[in-house]
Every structure is written in structure tokens, then in C-alpha cells.
Amino acid sequence: MTAAATNKLRVLFVDDEQTIRDVMKIELPRMGHDLVLCEDGHAALKALELQTFDAAIVDLRMPGLSGWDVIQHIKKVSPETEVIISTAHGDVDAAIQAVRAGAYDFLRKPCKLIDISASLKRVADKRMLTNKTIALESRLKAVEGSPDLVGRTPEMLRVKKLCEKIAPTDSSVLILGETGTGKELVARRIHDLSNRSKMPFVAVNCGALPENLVESELFGHRKGAFTGADTPRKGLLEVANGGTLFLDELGELDKSMQVKLLRFLESGEVRRVGENEAFHVDVRVVCATNCDLQHMVVNGSFREDLFFRVNTFEITLPPLRERKDDIPELARTLIARHLKRHDVPENVLSPETIQVLKLHDWSGNVRELANALEHAVIMSDGGVVQPEDLPAGVLRHAATAGLIKPATVELPSAHPKTLREIEMDVIYRVLDKHQGDKPKAAIELGIALKTLYNKLNGDQTKAAG
């Protein structure tokens, strides 16, 4: 990734003077921008029907449709396009009026190349800041956890080493692991260790997106592209320009979207829904799934060419039951996060509680552990967490093993289980039965797959790995 790649703009240049257009035809691409030239306002309106631009440099005084008409049209159909006006008359009042009408900047003709370059650089900087803001809002909505990977077992040390190896490259990465193992955290770790770390990290759960909006979410759309598209929208690939896009639950994409994703991975081109023209973005794509993609390739539900394209480098996350020695450190980290503190005392969990935690099989992995500890912290009233503070589902294994008295399993009548807790216990048991296969679990539970995703996503607000 280079600075030039992230500063590259799609520029519409509108001027009725042929000599000026001839100069811009050479100089603007030399500055690193994609360019569409128009000789008058009518041609500009036609160009705006085909694609969306980052910036438009418009001559204010033109025969026929004036620059004012073009500006008004741009603000109507593509308000995100930054308009830079140019005028040969040195009319400061007109320039001020244009800025008040929504123009971003103005240039006096004859325009100097250095002034044009500087103005476009400001547009690029603003676009980058906007994309970072959108990405940050996306991360806050997901209530992201610490970027650190917690664990010192050989299995987690290997994952950390692989992250360090692959991060400096731009190779595609496929992260495999059961639900709740922390695949997004690994993707963030790769991003934070890469030379893209100062650029956006955008995460999207493919399984949680409505099928009819997946393309729009990823690639964006122009105004009026479909019913409900009242305003133009940037796709997440465009928002992540210069940074990393994390596609979780990749196996949930349908075949038509697999084709579009493959085309992007091979070309780097994005075409918004409703537009004819494509543009390039510089995005590293990291994918994750708990599905057996190779089996899906065999049964025809996943494209083989896409599998090979995303599987340049593979990282497999171990389930929590295979790294139980990490549980004490991981538990303290999760409790600190719940309490919104940087650290908690070493003895926040009693030795007996740690024994109970290690005995449980954790079919929901770190996500289930996070929920159990949140429950326990509430029950402990801020003191040392004892076994009886844990949810009944966690205590059952300890009672069977004789670690605690069976009576301890029953929650006090003053604190009955919520309907939500009972529901999630059932969901995790069914997921465990089907080894994390969500489509099969959804069938047995009698709910739609999207409903299952929504319930799991609502249950993972503080997940970590």
C-alpha cells in the first residue's frame, strides 16, 4: 500500500475550453487520479448518471448549463462528491456564494497545477478521515475488545507467531475456528501489526447481512439504484480503502456474491450497485469461517476458485477446551473488560472457581466464557468470584465430578434464571451437539439461520480470544 493509492480520487473535470481540458487530460492522471473530462454541463450530467465521483472541478461560467446548474445537480444525486469551482472572472462574491451552496473549494483561472493538486489533496484527506470515522463507528457498534491475543499455551503461541509472520504482507488470510473462538480478534491483530494499521479496519458478518443487501453493503450503491436507496452509499470495501476488510462467516455468502467477491479480489475493482463504471480500491481482505469450506466446494455450495483465492495463508484457532490452561488469564481479562478496568486482582477468581471453569467443556468457547463471567461478577457483588456465582450450566459438570455439592447447582430462588439465559443455554447445547454447525443447529431449534445469528451476535458483545 502506498500513499498515492490512498490519495487517488475519481475526478470529474468540466470546462468548455479545449486547451484546458487537454492539459488536464495529461496532468490529473500524472497526479495519480482517475479522470473523466466533460466539455459542458450536459456531458457532466450524463457522466454523473454512470458513476460517482470523489471530486468535481467545475467551471462556473459555461454556455448552456452553467456551473451553478451542475453544482446543484451534483448535490442532489451525489452529495458526497466534493465540488471545486473555477472561475475566470475573479469573482470572489460568486465563489463565496458557491461555497455557501455546497462547494468545497474554489480556484481562480488560470488555475495553477499546484493549486489544483493542493485542493484535491485536501479532498483526499477529508475522504480518508470520513472513512476512518465510519470504520470507527462500525467497530464501536460491535463493542470491540482488546487487540491483544490472550493466552500462553503452545496453541495460542503458534497463532500469535503466524499473525506476526503474515501481517507485514498483503496476502489473503483465512481464519478457521469454531464459533466464539475469537476469529475477529485475530484479524484485528493482523491489521494492527501490518503497515495498514493507521488505516481503517472494517468488520462485517456475512451471515448477518440481509441477502438482498449484501452487494450494497460491500460495494455501495448510487441513489435510486433500488427501492429504498434514497441516498448514495459507500460500500464497506470503499470505506476500508487503504486498510483491512474482515469478512466473517464467509461460508454464508451465496454463489452470486461469491462471484462478485472473487472478481474484486482478482482486480481490486469496485462497482457500486446502479453504476456502470468501476474504480480501484486498495484493501486487504481477511476472511473467517467455522464451516468446512473444502466440503462445501465438494458439494457445490462454495466456489473452488474463491476458496483458493482466500486461502493463501491459513490460521486455525483452537477451541477453548483445547487450551484450558489459558482460562485463568483469559478470565481475568474478560472480567476487567466487563468492569471497564485495565486490570483486576490476581485473586478475583477463587481457586475453586478456576477448577470449575477448567472442568467445563465450553462449547460456546470464549464467547460463552465471557457471558458466564459477566453473570458471575454480578452475582458476586464485586467480591471474589466463587463457584456458586457461576451459571448453573457451568456448575453441572463440576457437580457431576464431585467438585461441588449438587445442591450448589440450583440458583437461589431470589435469582431465577432469565428467559434469555435459558434460551442461550439451549442454543449452545444444540451448537455443541452439531459441532458448531449453525445451519444444522437452526434447523433443530426451529428458527431461521438469520435469527440464530442475531441471537449469537447479541450474546457476544464482549467476546475476545
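Report note on the peptides 283-289, 300-306, 41-47: ranked by the mean count of other C-beta atoms within 10 Å, highest first, their order is 283-289, 41-47, 300-306.
Paramagnetic label reach from Arg21 (point 7 Å along Cα→Cβ; backbone nitrogen cut-off under 14 Å): within the stretch 47-87, residues 47, 58-59, 62-65.
Placing dummy labels 7 Å off each Cα toward the beta-carbon, the span from Glu423 to Lys198 is 4.5 nm. Between His73 and Arg158, full extension at 0.36 nm per residue minus the direct alpha carbon distance yields a gain of 25.0 nm. The rule of thumb for compact globular proteins, 2.2 N^0.38 Å, goes into the C-alpha radius of gyration of the stretch 3-129 0.95 times.
Suppose we keep just the DSSP beta bridges with both residues in the chain; what percent of those would be antiparallel, to 5? Here the share of antiparallel DSSP bridges comes out near 10 percent. For the stretch 111-249, the direction-averaged projected area of the alpha-carbon convex hull comes to 11.0 nm².
Relative contact order for the chain: 14 percent, from Cα pairs under 8 Å spaced at least 6 residues apart, divided by residue count.
Return the calculated 222 nm mean residue ellipticity for the chain, to the nearest 500 deg cm²/dmol, obtained by summing -39500 (n - 2.57) across DSSP H runs with n ≥ 4 and dividing by the residue count.
The helix-only estimate for the chain comes to -14000 deg cm²/dmol at 222 nm.
Given the pairs Lys183/Lys324; Lys165/Lys358; Lys161/Lys324; Lys25/Lys260; Lys160/Lys324, which span a C-alpha to C-alpha distance of over 22 angstrom in this model? Long pairs (Cα-Cα over 22 Å): Lys165/Lys358; Lys25/Lys260. Each principal axis of the Cα cloud of the chain was taken in turn, and the coordinate range along them, longest first, works out to 90, 48, 42 Å. Around the Cα centre of the chain, unit charges on the Cβ atoms of Lys, Arg, Asp and Glu (plus for the first two, minus for the last two) sum to a dipole of about 440 debye. The lysines within cross-link reach of Lys440, meaning a Cα-to-Cα straight distance under 19 Å and a gap of 8 or more places when in the same chain, are Lys450, Lys455.
As a length-normalised measure over Cα pairs under 8 Å and 6 or more apart, the relative contact order of the stretch 140-229 settles at 25 percent.
Give me Leu456, Leu320 sorted ascending by neighbouring Cβ count inside 10 Å, so fewest comes first.
Numbers: Leu456 23, Leu320 27.
So the residues, fewest neighbours to most, are Leu456, Leu320.
Annotation: aspartates and glutamates with alpha-carbon distance below 13 angstrom to Lys8 (same-chain offsets under eight excluded): Asp34, Asp54, Asp125, Glu238, Asp282.
A short reminder: the numbers here are calculations on the coordinates, not readings from a lab. None of the values given here were measured: they were computed from a predicted structure. Please note: Cβ atoms are built from the backbone with ideal geometry, for glycine as well, and neighbour counts cover all protein chains shown.
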